[in-house]
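Take a look at the structure below.
The values are calculated or read from the model by the stated rules, or taken from the named source; none is laboratory data. What you see is a predicted model, and the numbers here were worked out from it, not measured in a lab. Positions of Cβ are generated from backbone atoms using ideal geometry, with glycine treated the same way; all protein chains shown enter the neighbour counts. Heavy atoms of the whole protein, side chains included, go into the accessibility calculation; ligands, DNA and RNA do not. Shrake-Rupley method; radii C 1.70, N 1.55, O 1.52, S 1.80 Å.
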Amino acid sequence: MGIAEAITKLHNELPSDVKLVAVSKFHPAGSVIEAYRAGQRVFGESRPQELYAKVCELDMYSDIEWHFIGHLQTNKLKLVLPYVFMVESVDSIRLLESIDRWGGDNNKVTDVLLEYHVASEDTKQGFDAEQILEILLSDKKYPYIRFRGLMGMATYTDDEEVIRADFSRIRTLGDELKDLMRTRQDHEPYPNLTPCFDTLSFGMTHDYRIAVEMGADIVRIGTLIFGEREY
Ligand SMILES: *Cc1c(COP(=O)(O)O)cnc(C)c1O
């Protein structure tokens with residue numbers, strides 16, 4: 001299956017309220033253009049240098065919406081933050097503080113998702129539920145960050161029950177936090193931001209169908225669209 005065909009198929013298959021992030025990491029800008037011509041506008045990258053190179057090369061495709069989905073080092077912010085619609089992969093307080101400081105210096109509010117660690121592998125990054133709650137309850141410490149939701153990855157397995165259990169934790173915490181943030185907003189309106197904690201990002205090539213079934217707002221799909229990556 002070619003890139004255009006995969007995009008068309010996914011656009012037909014996914015419910016209209018689920019956003020598809022086409023994960024183009026390790027694939028050339030030409031592949032992004034192929035997907036763009038098939039109607040795709042939202043792309044995900046996981047390495048700062050690679051994102052920046054693609055942003056420059058694809059400059060004329062000005063309606064592309066870039067999502068950063070990888071580990072972001074605090075010394076790479078300027079390659080990423082000016083160009084992205086959102087950072088989906090905030091995985092430490094230190095990063096949060098750096099993004100906020102950068103936002104103050106550059107007068108830009110950044111939309112972020114907090115990465116929620118639900119998989120059984122230790123290799124995956126992210127916060128636990130308690131840390132996420134703590135961050136959100138102190139959200140006013142970060143005036144240049146707009147907390148939009150959670151991002152997560154299921155355990156890498158073929159066992160659907162395990163995947164469902166991981167996704168279910170994201171969904172459950174996400175729903176609780178959506179309520180919490182809505183109530184907070186009613187009681188203490190923000191000075192200058194509209195909080196909208198409304199986005200749960202989970203589901204990749206091998207588990208996106210389960211993710212959609214379980215209420216993901218964003219799915220991030222690479223391999224199915226662009227083929228295997230060569231690292
Ligand atoms: C690479 C990556 C994806 C896409 O994975 P595929 O299995 O190729 O669909 C999704 N999310 C994150 C965070 C990634 O790093």
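Taking helices (runs of 4 or more DSSP H) that fall entirely within the stretch 112-231, which contain at least 1 residues that are within 30 Å of Gly2 (Cα to Cα)?
Numbers: elements: 129-137, 160-187, 208-213, 223-226.
Result: 160-187, 208-213, 223-226.
Looking at the stretch 6-110, what strands (runs of 3 or more DSSP E) fall wholly within it and have at least 3 residues that are within 13 Å of the ligand (Cβ to nearest atom) and closer than 30 Å to Gln131 by Cβ? Give the derivation first.
Values: elements: 19-23, 42-45, 65-68, 86-90.
Correct list: 19-23, 42-45, 86-90.
When the stretch 217-231 is examined, which residues are found to be more than 12 Å from the ligand (Cβ to nearest atom) and either aromatic (Phe, Trp, Tyr) or surrounded by 14 or more Cβ atoms within 10 Å (Cβ to Cβ) (or both)?
Passing the criteria: only Asp217.
Under 6 Å between Cβ atoms, at least 6 apart or on separate chains: pull out the pairs that start in the stretch 206-231 with a residue that is among the acidic types (Asp, Glu) and end on any residue that is surrounded by 18 or more Cβ atoms within 10 Å (Cβ to Cβ).
Asp207/Ala154; Asp207/Ile163; Asp217/Thr199; Asp217/Leu200
Conditions first: (1) open to solvent by 10 Å² or more (accessible area, probe 1.4 Å); (2) within 28 Å of Ala35 (Cα to Cα); (3) within 16 Å of the ligand (Cβ to nearest atom). Lys124 passes all but one, so which condition is the exception?
Only one criterion in (1) open to solvent by 10 Å² or more (accessible area, probe 1.4 Å); (2) within 28 Å of Ala35 (Cα to Cα); (3) within 16 Å of the ligand (Cβ to nearest atom) is unmet by Lys124, namely (2).
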